[in-house]
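As structure tokens, the structure follows; a few thoughts come after it.
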Amino acid sequence: MPEATLIEIEPGECLLYSRKAFFAGGMDGYTQPPAQNEDLFEALENVLPAKDGQFHKRWGTNRFDGTPAITLATRHFIEYRDLAATKQRLICAGTEGATRKVKTVDADGVVKNTGVFTVASTTDNPRAAISRDFAHFASGSANDRVKYDGNDVAGSGTTTWGITAPTGAVVASASGTGTFTISFWRDYTVAFENTATGHISEFGPFTRVAAFKKKAQVDVSVVPTGAATEGGINTGTNSRVILATSDGGGRDRLYLLGRIADNTTTTFTDSILEATLLNAAVYSEIDQDGTKRGVLDNARPPSTGKFPVKHRGRIYLLDNGVLRFSKSLDEVSTSTDFEIGGNYEECWPAEYAMELGFPSEDSTGLHSDGTFLYILTKNTVYRLWGDGPLNFLPPEALHKHTGVVSNDVFTTVYRGGQPAGFAWYTPDRQLLLSDGPTYTNIGFEVKTELDAASLANSRLAFFAYEGYNFLCFTDGNAISKWLLYHLDSNKWVTWQLALTNDWRTVTALHYWTNPSTNASQLVFGTGGTQEKLGKIDKTVATDGDGVTTATPSAVLRTPWLAFGSSDIRKFLNSLEALTSASGADFTVRIEGASTEAEFTTPTSVVAAGTQLTASPAGDQFLALAGLSTKDKFYRLQFTITAASLSTVRVFGGYSLEVAPISEV
């Protein structure tokens, strides 16, 4: 039912068009007259959705980064928290000038690590999956496979994601006289270890020592040493693990002989008798269902993998049209010890790969909602069932012909703090909202804005703030437009930051619960000459970059109004508006149209910037009876420049006295 009322004041002579509530008021800038819905507005800029039936100006924006401030045009935010919850950081990946870098800030926006690492990729900013105490980075470039522990010192806290296995075999031979006997053979191999992080590489080539009797020992020499760095990143290798088969046993079951607790010594002495060895820790084995456990196949993640995401106890990557996944915690454990075979996040067996059946260039991202893994492509959203190779089902084409532009415009939607679906932006510039099995195109009303967005730079995020639940889309242009979809009313509004510098260039969005204040917060990155971080701030009514502030103007433009009949021309007698603003802070423009061409080039009835005056009742009033108005349709635009906080009503309704010409 329309919220506006149209009543006769004087029968046959004068009508009163009045609207005093905006519960149904949202933006529709796409539908053309005369088919427009009169409850909606052609423009609703810099206001909040009318949750209480009235329009309030939007919240302001402020600098999020503190002192010292970050200098980075952030493209991706990654939220880091260690297991003990003693350190929380916001990882920022982006560009500083022409150089891609990764930095961190704390919950107050203070930069903590000015150089986690310099990115090797020349085309992609790295993303990261957080698991336990580490962020695991990948960009599609081999040297960006980096693991980070939250350290605040530039250049510290990073190691390679995984450790490359030894390539050389040891030399081994029995010597001396004693009680050491091997009846068949004993095979020797070595794995590299980082004792600080607990990871162990895959083992290297084997060396066999044939049967011998009553020797004192086996002398092991030419023990490989691990590289100190790979791709400029510290491997952390500080120990070697010496492994061996049982007497005559297969190489799929390896026991711990001992460790060399450095990365320099190249000799080792084995005097472990068989009975003792069989009671040693098992570092590699294959169980009944064929699952490889321990250090077996502890390869590094694929060098060209992208879009790391943690999902149901594994890390996943997209690698040139192949879905790759790590081991699980169970698979690095053996029959003798839990997680003895290294960190599961760093163990990537070559066979842990799933051919997806579509070109690699169509892959745009991965997303987990905790239950399903979503594989995003330019054409289809796929859903993966299962949590490992024993129960994976082939990826299900969940939504065909509704592809995803990028990982940056696919987000989980929450209701009541629980995942309730997801939303995404498509290559054909639609914005879709899904509850899982079905989806709805929610972007019709803002199709003009979506069509003008930058596919490469647009961003989408869910955020909840002050009782509002939003989908927030930024269009990625140099003067970024914010499109906000109110999930509770299914209505759109738009925002435009008021400053005239690059603070308006939004490069990234991130919604989180700030660990310092425990309050919900939307953080954004800015580009150009700014390269700073901003936040939505309910305590201010202005947009500020830390140096300059500016007051955003709220703009409300009605659709073309016919006042009951699109065939009759009308006079306008007067306008009243219910608002807390006055004078130059509240102005109106009125346009008229009677032909198709005039919808595009309308007649000016009241010029932009016209102020209203206070009526005896206290409302803002404008006399129109002296104007030569004679059109069938009228469109009004209200502009509010008052620097009011969002708690102050800026627009509560309006009314027009209208006189049909044919009845005068």
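Across segment 236-289, what is the number of residues that are basic (Lys, Arg), closer than 23 Å to residue 175 by Cβ and open to solvent by 20 Å² or more (accessible area, probe 1.4 Å)?
So the count comes out to 1.
Go through segment 389-431 and count every residue that is in a loop (DSSP other than H, G, I, E, B) and either modelled with pLDDT under 95 or at negative phi (or both).
Qualifying residue count for the region: 19.
Looking at this structure, is residue 182 crowded, with 17+ Cβ neighbours inside 10 Å, farther than 22 Å from residue 83 by Cβ and touching a strand residue (DSSP E or B) at 6+ places or on another chain (Cβ under 8 Å)? Full working, then the answer.
Numbers: crowded, with 17+ Cβ neighbours inside 10 Å: yes; farther than 22 Å from residue 83 by Cβ: yes; touching a strand residue (DSSP E or B) at 6+ places or on another chain (Cβ under 8 Å): yes.
So residue 182 fits the description; yes.
Check whether at least one residue in segment 365-385 is over 29 Å from residue 163 (Cβ atoms), of a type in the set (Asp, Glu), open to solvent by 10 Å² or more (accessible area, probe 1.4 Å) and at pLDDT 95 or above, and report yes or no.
Checked against the condition, which is being over 29 Å from residue 163 (Cβ atoms), of a type in the set (Asp, Glu), open to solvent by 10 Å² or more (accessible area, probe 1.4 Å) and at pLDDT 95 or above, segment 365-385 yields no hits at all.
Got at least one residue in segment 102-111 being outside any helix (DSSP H, G or I), of a type outside the set (A, V, I, L, M), open to solvent by 30 Å² or more (accessible area, probe 1.4 Å) and modelled with pLDDT of 95 or more? Working first, answer last.
Pass one, segment 102-111, residues outside any helix (DSSP H, G or I): 102-111.
From the residues that got through so far, the ones that are of a type outside the set (A, V, I, L, M) too are 103-104, 106, 108-109.
Checking which are open to solvent by 30 Å² or more (accessible area, probe 1.4 Å) leaves us with 108.
This time we only want the ones that are modelled with pLDDT of 95 or more, so: none.
Scanning segment 102-111 turns up no residue that is outside any helix (DSSP H, G or I), of a type outside the set (A, V, I, L, M), open to solvent by 30 Å² or more (accessible area, probe 1.4 Å) and modelled with pLDDT of 95 or more.
Six or more apart or on different chains, Cβ under 6 Å: which pairs go from a residue in segment 184-208 that's farther than 24 Å from residue 343 by Cβ to one that's aromatic (Phe, Trp, Tyr) and in a strand (DSSP E or B)? Could you list them?
These pairs meet every condition: 207/188; 208/185.
Based on this model, can you work out whether residue 610 counts as β-branched (Val, Ile, Thr), free of Cβ contacts under 8 Å to residues at least 12 places away in the same chain, farther than 30 Å from residue 503 by Cβ and surrounded by fewer than 17 Cβ atoms within 10 Å (Cβ to Cβ)?
no
Could you please let me know if residue 620 is touching a Lys or Arg at 6+ places or on another chain (Cβ under 9 Å), of a type in the set (S, T, N, Q) and touching a residue at least 40 places away in the same chain (Cβ under 8 Å)?
For residue 620, the condition - touching a Lys or Arg at 6+ places or on another chain (Cβ under 9 Å), of a type in the set (S, T, N, Q) and touching a residue at least 40 places away in the same chain (Cβ under 8 Å) - is not met.
Would you point out which residue out of 440, 426, 402 is over 15 Å from the mean Cα position of the chain (by Cα), free of Cβ contacts under 8 Å to residues at least 40 places away in the same chain and buried (at least 21 other Cβ atoms within 10 Å of the Cβ)? Working first, answer last.
Details: 440 fails: buried (at least 21 other Cβ atoms within 10 Å of the Cβ); 402 fails: buried (at least 21 other Cβ atoms within 10 Å of the Cβ).
Answer to the selection: 426.
Could you check segment 542-557 and list, in sequence order, the residues that are without any contact (Cβ under 8 Å) to a residue 60 or more places away in the chain and either over 29 Å from the mean Cα position of the chain (by Cα) or open to solvent by 60 Å² or more (accessible area, probe 1.4 Å) (or both)?
Across segment 542-557, the qualifying residues are 547, 548, 549.
A quick yes/no check of all residues on (1) at pLDDT 95 or above; (2) more than 24 Å from residue 13 (Cα to Cα):
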residue: 583; (1), (2): no, yes
residue: 589; (1), (2): yes, yes
residue: 601; (1), (2): yes, yes
residue: 630; (1), (2): no, no
residue: 633; (1), (2): yes, no
residue: 638; (1), (2): yes, yes
residue: 644; (1), (2): no, yes
residue: 662; (1), (2): no, no
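Restrict the check to segment 133-141 and report whether at least one residue is acidic (Asp, Glu), in contact (Cβ under 8 Å) with a residue 60 or more places away in the chain and surrounded by 17 or more Cβ atoms within 10 Å (Cβ to Cβ). Before the answer, list the steps.
Let us first name the residues in segment 133-141 that are acidic (Asp, Glu), namely 133.
Now narrow it down to the ones that are in contact (Cβ under 8 Å) with a residue 60 or more places away in the chain: none.
No - not one qualifying residue is present in segment 133-141.
Yes/no per residue for (1) of a type outside the set (A, V, I, L, M); (2) at pLDDT below 95:
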| position | (1), (2) |
| --- | --- |
| 186 | yes, no |
| 191 | no, no |
| 209 | no, no |
| 235 | yes, no |
| 245 | yes, no |
| 252 | yes, yes |
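Got a sec? Which strands (runs of 3 or more DSSP E) wholly within segment 446-559 have at least 2 residues that are closer than 30 Å to residue 652 by Cβ, at pLDDT 95 or above and among the β-branched types (Val, Ile, Thr)?
491-496
Could you please find all residues in segment 511-524 being open to solvent by 30 Å² or more (accessible area, probe 1.4 Å) and in contact with a Phe, Trp or Tyr (Cβ under 7 Å, 6 or more places away or on another chain)? Walk me through how you get there before you give the answer.
Taking segment 511-524 as the starting set, the residues that turn out to be open to solvent by 30 Å² or more (accessible area, probe 1.4 Å) are 511, 513, 515-520.
Of everything in segment 511-524, those that are open to solvent by 30 Å² or more (accessible area, probe 1.4 Å) and in contact with a Phe, Trp or Tyr (Cβ under 7 Å, 6 or more places away or on another chain) turn out to be 511, 520.
So which residues in segment 1-30 are open to solvent by less than 30 Å² (accessible area, probe 1.4 Å) and of a type in the set (Phe, Trp, Tyr), if there are any at all?
17, 22
Return the total of residues in segment 296-324 being touching a Gly at 6+ places or on another chain (Cβ under 8 Å) and either of a type in the set (Asp, Glu) or without any contact (Cβ under 8 Å) to a residue 24 or more places away in the chain (or both).
Here the count works out to 1.
Yes/no per residue for (1) surrounded by 21 or more Cβ atoms within 10 Å (Cβ to Cβ); (2) modelled with pLDDT under 95; (3) not in a loop (DSSP other than H, G, I, E, B):
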{"position": "70", "(1), (2), (3)": "yes, yes, no"}
{"position": "80", "(1), (2), (3)": "no, no, yes"}
{"position": "90", "(1), (2), (3)": "yes, no, yes"}
{"position": "94", "(1), (2), (3)": "yes, no, yes"}
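Residues are listed down the side, and each one gets a yes or a no for (1) open to solvent by 20 Å² or more (accessible area, probe 1.4 Å); (2) out of contact with any helix residue (DSSP H, G or I) (no Cβ under 8 Å at 6 or more places or on another chain); (3) part of a strand (DSSP E or B); (4) over 21 Å from residue 19 (Cα atoms):
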position	(1), (2), (3), (4)
571	yes, no, yes, no
581	no, yes, no, no
588	no, yes, yes, no
592	no, no, yes, no
604	yes, yes, yes, yes
617	yes, yes, no, no
622	yes, yes, yes, no
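Tell me which residues, restricted to segment 627-653, are open to solvent by 10 Å² or more (accessible area, probe 1.4 Å), of a type in the set (A, V, I, L, M, F, W, C) and in a strand (DSSP E or B).
633 - this is the single residue of segment 627-653 that is open to solvent by 10 Å² or more (accessible area, probe 1.4 Å), of a type in the set (A, V, I, L, M, F, W, C) and in a strand (DSSP E or B).
Given the options 257, 296, name the one that is assigned to a loop (DSSP other than H, G, I, E, B) and either within 14 Å of residue 241 (Cβ to Cβ) or modelled with pLDDT under 95 (or both). Before you say what the answer is, go through the steps one by one.
Values: 257 fails: assigned to a loop (DSSP other than H, G, I, E, B).
Just a single option satisfies the conditions, and that option is 296.
Which of (1) of a type in the set (A, V, I, L, M); (2) surrounded by fewer than 23 Cβ atoms within 10 Å (Cβ to Cβ); (3) touching a strand residue (DSSP E or B) at 6+ places or on another chain (Cβ under 6 Å); (4) at pLDDT 95 or above does residue 154 not meet, given it meets every other one?
(4)
So, in segment 7-26, how many residues would count as being within 18 Å of residue 41 (Cβ to Cβ) and assigned to a strand (DSSP E or B)? Steps first, answer last, please.
Taking segment 7-26 first, the residues within 18 Å of residue 41 (Cβ to Cβ) are 17-26.
Within this subset, residues satisfying the condition of being assigned to a strand (DSSP E or B) are 17-19.
Residues in segment 7-26 being within 18 Å of residue 41 (Cβ to Cβ) and assigned to a strand (DSSP E or B): 3 in total.
Name every residue in segment 119-129 that is open to solvent by 10 Å² or more (accessible area, probe 1.4 Å), in contact with a strand residue (DSSP E or B) (Cβ under 6 Å, 6 or more places away or on another chain) and touching a residue at least 40 places away in the same chain (Cβ under 8 Å), in order of residue number.
Matches in segment 119-129: 125, 127, 128.
Looking only at segment 346-381, count every residue that is over 30 Å from residue 198 (Cα atoms) and in a strand (DSSP E or B) and tell me the total.
9
Does segment 32-65 hold any residues that are out of contact with any Leu (no Cβ under 9 Å at 6 or more places or on another chain) and closer than 30 Å to residue 127 by Cβ, and which are they?
Passing the criteria: only 62.
The values are calculated or read from the model by the stated rules, or taken from the named source; none is laboratory data. This is a predicted model, so every value here is computed, not measured. Virtual Cβ from ideal backbone geometry, glycine too; neighbours counted across all protein chains shown. To get the accessible areas, we keep the full protein, side chains included, count just its heavy atoms, and leave off ligands, DNA and RNA. Shrake-Rupley method; radii C 1.70, N 1.55, O 1.52, S 1.80 Å.
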